[in-house]
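Notes for the one structure printed next.
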2 protein chains.
Amino acid sequence: MSAGQGDPSGPTRSDRSDRSDRGEDADGTGADRGSSLPPIDFWFDFISPFGYFASLRIDALAARHGREVDWHPLLIGVTVLKVMGLKPLMQTPLKADYARREIRRYERRHGLRLGRAIDGEPMNPLPAGRAFAHLRRHAPAIATPFARAVLEDYWICGRQMDHREALADTARRAGLPAAPIDAALADPVAADLLRAEVDAAITRGVFGSPFVIVDGEPFFGVDKLALIDEWLAAGGW
Amino acid sequence: MSAGQGDPSGPTRSDRSDRSDRGEDADGTGADRGSSLPPIDFWFDFISPFGYFASLRIDALAARHGREVDWHPLLIGVTVLKVMGLKPLMQTPLKADYARREIRRYERRHGLRLGRAIDGEPMNPLPAGRAFAHLRRHAPAIATPFARAVLEDYWICGRQMDHREALADTARRAGLPAAPIDAALADPVAADLLRAEVDAAITRGVFGSPFVIVDGEPFFGVDKLALIDEWLAAGGW
């Protein structure tokens, strides 16, 4: 298991099994701090390395402040390319070279090692995004564990995650129940659910991966995690 | 004096008069740490609010590690628009709204208050950039003090900084000597010097404002200042 190794704030795979329990308050009254504060919202695109990096830290960060995290799918092919009219990061002169260096620096700093070239053709993010959107609606307890497993298999293990078979295999090896996964991968309404998620994100001003909204305040980029920590500690400013 | 008020790491105008002394070592041997380490390189565009924010902190940050800062002009109209083929920040859907919020949040966090609307037509950055490039070559001791004074009059006081008269007035009020300023504002070679600076920056991979290179390692954005601090403390990783 190389993800998160040496990263003081990065969760390991064993965190996954705890996630569906975190929403429950200790005494069942619903009155403890953890359940009285709204979750923070986190968007990522499966094809975004910086979204993957943030995914390893966002839950622990939120938990330090008694908060849950609501993970949302995003398609930067829609936001960055179509809505904003920009280019893909790795096709942008100067910035592509910078991103390569920044990713390597981040890996060294956090003890990570990506298992795939960031210059290669990215996976098609639609099958994973659609399944994730479907799980969010119909089996929310395993939606984020599914996303984590896909991210890790894609970014760390370098597996191809373009097709349903690969996604089903990843979910199976992560110990997720087959029925809701199979439904998420087969139900054609999943495409509509993903589209609705992306449209809702755009309405809220979300455009990049990772993106976080805390109590209405937007934060873009993995560089903002420290500031989000300060914001949560201070209650904003 | 509102710039840097309440910002624990922000310098005040009184720092300016110290800057030309900082390159001298205490005993004249050239052997102390401050003069044996190369400067870190800092690029900004006068029209970039994030470049202005970084300008308030970069010298103090470097000084904590015994380093000088070599300030360089940049033209994001060349790098972002022409070389990278992107849009101006404030004309980019979604990102413009986000930038407005991020700037206000940064102002509150650092006790700053910009004296101009960030949505208005920016100043023409060429006269200031050309004069700054000329001073860097012909009167380097006052180049950064000139840039600081222009940035503060533009961003905090909301003055128009498009013309030579305004730039000369700003330099005069900042107590800078008239002769090199007048030469910098009148010499037509200043345009070539600025062009050469921007070309050299692009060759080094610089594309945005602020941008910092520490011992060959590039950092883009004011969000990176904390990471630069870590990098300098650790000697890289």
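The values are calculated or read from the model by the stated rules, or taken from the named source; none is laboratory data. Since the model is a prediction, treat every value here as computed from it, not as a measurement. Neighbour counts are summed over all protein chains in view; Cβ atoms, including those assigned to glycine, are modelled from backbone coordinates with ideal geometry. Accessible surface is based on the protein model in full, side chains and every heavy atom, while ligands, DNA and RNA are left aside. Shrake-Rupley method; radii C 1.70, N 1.55, O 1.52, S 1.80 Å.
Quick look at the numbers
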| item | result |
| --- | --- |
| Chain B, accessible area per residue, ligands and nucleic acids excluded (1.4 Å, Å²) | 43 |
| Electrostatic dipole magnitude of the protein assembly as shown [Cβ: Lys, Arg +1; Asp, Glu -1; Cα centre; debye, to 20] | 520 |
| Amide H within-cut-off set for B:Asp70, under 5 Å, with H built and near neighbours excluded | B:Ile40, B:Asp41, B:Phe42 |
| Pairwise burial A:B, computed as accessible area of each alone minus the pair, summed, 1.4 Å, Å² | 3000 |
| Closest-to-axis residue of chain B (Cβ criterion, axis taking B to A), whole Å | B:Asp223, 2 |
| Charge-dipole axis of the protein assembly as shown as Lys and Arg at +1 and Asp and Glu at -1 on Cβ define it, positive-most pick from B:Phe146, A:Phe46, A:Leu89 | A:Leu89 |
| Label spacing, shortest first and in nm, from A:Asn124 to its equivalents in the remaining copies (7 angstrom along Cα→Cβ) | 5.2 |
| Teacher prompt: A:Ala96 distances to equivalent labels in other copies, 7 Å Cα→Cβ, nm | 2.8 |
| Exam field: B:Arg109 pseudo-label spacings to other copies (7 Å along Cα-Cβ), nanometres | 1.4 |
| Bridge type composition, the protein assembly as shown - antiparallel percent by DSSP, nearest 5 | 60 |
| Computed helical MRE - 222 nm, chain B, DSSP H runs ≥ 4 contributing -39500 (n - 2.57), nearest 500 | -13500 deg cm²/dmol |
| Sulfur and carbon atoms: percent of accessible area, segment B:115-195 [1.4 Å] | 53 |
| Electrostatic dipole magnitude of chain A [Cβ: Lys, Arg +1; Asp, Glu -1; Cα centre; debye, to 20] | 800 |
| Cα centroid separation - segment B:176-219 against segment A:126-173, whole Å | 48 |
| Test item: Cα-centred dipole of segment A:98-237, Lys/Arg +1 and Asp/Glu -1 on Cβ, debye | 460 |
